[in-house]
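The structure under discussion appears below in the form of structure tokens.
Please treat every number below as a calculation from the coordinates, not as lab data. Everything quoted here is computed from the prediction, not taken from an experiment. Backbone-built Cβ (ideal geometry, glycine too); neighbour counts: all protein chains shown.
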Amino acid sequence: MKIKIISLVICTLFLMSVFPSVTTAKNSVNIDTNVAYYDGDVRGDPALIKITDEVAVCDLDDDLFVYAGVSNLYIYNIKTGETENVFVGGNIVFPKISGDRIIYNDFDYMGFKMYNINTHEKTDLIVTNWTGGGADDYQFYGDYIVYENTNSDLYGTEIFLYNIATGENIQLTDTPGEAFPENPCIYKNIIVWQLTEGPLADIIMYDIDSNNYTRVTNTSQFASETYPSIYDDNILYSYFYYDKVNGTIIYGLKMYNIGSAEETTIFTSGEPTGSTPEIFGDSIVYSVTGVRLNLYNLSTHENTTLYESTYLTTPWDLNDNYVVFTILRDGIYLYVMNNNPPDKPEIFGPAKGKIDVPTTYNFTTTEPDGDQVYYFIDWGDNTTSGWIGPYSSGDIINQSHTWSEKGDYSIKAKAKDMFGTESDWGTLPVTMPSAYEPPHFRFFEWLFERFPHAFPILRHLMGY
């Protein structure tokens, strides 16, 4: 027995000279990839993100929004964080996006032009004498552009409807006297605008299919309803009422249902509700006293202040998931209304490996909102990958790591989306028993497991 033990020691010393990696630790892998992602606004609200320092009116559709800079269109993809810069020439303002098309006004052309995002085709549409006075002076939906056509004097304004597909241009209003229509908006086959008559205003609706006009509101001499917005079957507008008896002013928001012809007061306030309230589904975005941008939920009646600034610039836009708005002297901001964290990452790979030998593991997660994701991997040996990515939701990524010491480790991984919302940790326990193991080493491993307190000198020599 003594002879066998001595032989094992001699064998061990020989093997150590051949395989010095048994006792020599190598540098472990530490991946540190610098990747840009949304850090959130400086105010610390993770749902509010500053997209760009550019100060421009922007328009939103699905996951894209567009803004202009002299002769360029900037198309921002919220999901990827990438901006496409498209040179279209001219002197352009107030681009609007719907589907795969962007409409914009070109001062040099003195009319509207169109850019197709998918085909990159640029099309000249219609020349007008519209001076581009404001971003609310026109909108488009599908094949229709509804716009104000302003003559030389203020009271020469009328509303026109242009069909992109046919080129037909129809004058919808012929307003007498000093009354004038403004702030047109469109959704599907319904067009709505504000008819200003003296100091007061009412809301007018036009049905493209039936050619019918409806005076939605008929205010008293002390009331005014302005700045309409339309989505689905509802028309939203600001409300103003002067209580002559009490000498007070009441502000608020009202809504008209097209199907039922019923008007509903959403809320009233002592503070001016400002211009251009916008509606999409159950969400309303409006300004208070012109300096606070608020988000109101029709279902829950929750009222949230998104931003407060004396440089809040109209208009703003929203959909089911996002609000975009501009702060003069600051830039464009994105507010994320509905953002779910990625699922806990799954980790696949060998549960047992060898030290000083790279081992590859697969990582994957699903992001419920379809956002791109980043991974943070903790290898369990005081090294991490840092945040790596972005990757598409559902992609399987491969990462290799080398452990320098034997032991039991726990690989942990978490994911976060483009907006910084993090998942729970996913884990995988692994064991690194040794480096390359000749048959003798496998025998020693069995021997030491069988007799855990025996052979201390041999254990020390072999690194067990």
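Quick notes on this one:
- Modelled label positions at ASN212 and GLU178, each set 7 Å beyond Cα in the direction of Cβ, lie 3.4 nm from each other.
- Peptides 311-323, 265-277 ranked from most to least packed give 311-323, 265-277, packing being the mean of other C-beta atoms within 10 angstrom over each peptide's residues.
- A simple spin-label model places the labels of ASN398 and MET110 6.3 nm from each other, with each point 7 Å out along Cα-to-Cβ.
- The mean sequence distance of close C-alpha pairs (under 8 Å, at least 6 residues apart), as a share of the length of segment 48-336, puts its relative contact order at 13 percent.
- Loop sites in segment 237-323: trypsin sites (Lys or Arg not before Pro), DSSP, at most 11 other Cβ within 10 Å: LYS244
- Neighbour cut-off at most 16 other Cβ (10 Å), DSSP loop, GluC sites (Glu not before Pro), segment 98-189: GLU121, GLU168, GLU178
- For ASP233 and ILE250, the difference between the fully extended length at 0.36 nm per residue and the C-alpha to C-alpha distance is 3.5 nm.
- Listed cross-link partners LYS50/LYS96; LYS188/LYS416; LYS354/LYS416; LYS50/LYS122; LYS354/LYS414 are compared with a 27 Å cut-off, the Cα-Cα value being larger for LYS188/LYS416; LYS354/LYS416; LYS50/LYS122.
- At R0 = 45 Å, FRET efficiency that the Cβ-Cβ distance of THR80 and THR219 yields, to 0.05: 0.45
- Between ALA351 and PHE87, the contour length at 0.36 nm per residue exceeds the Cα-Cα span by 89.7 nm.
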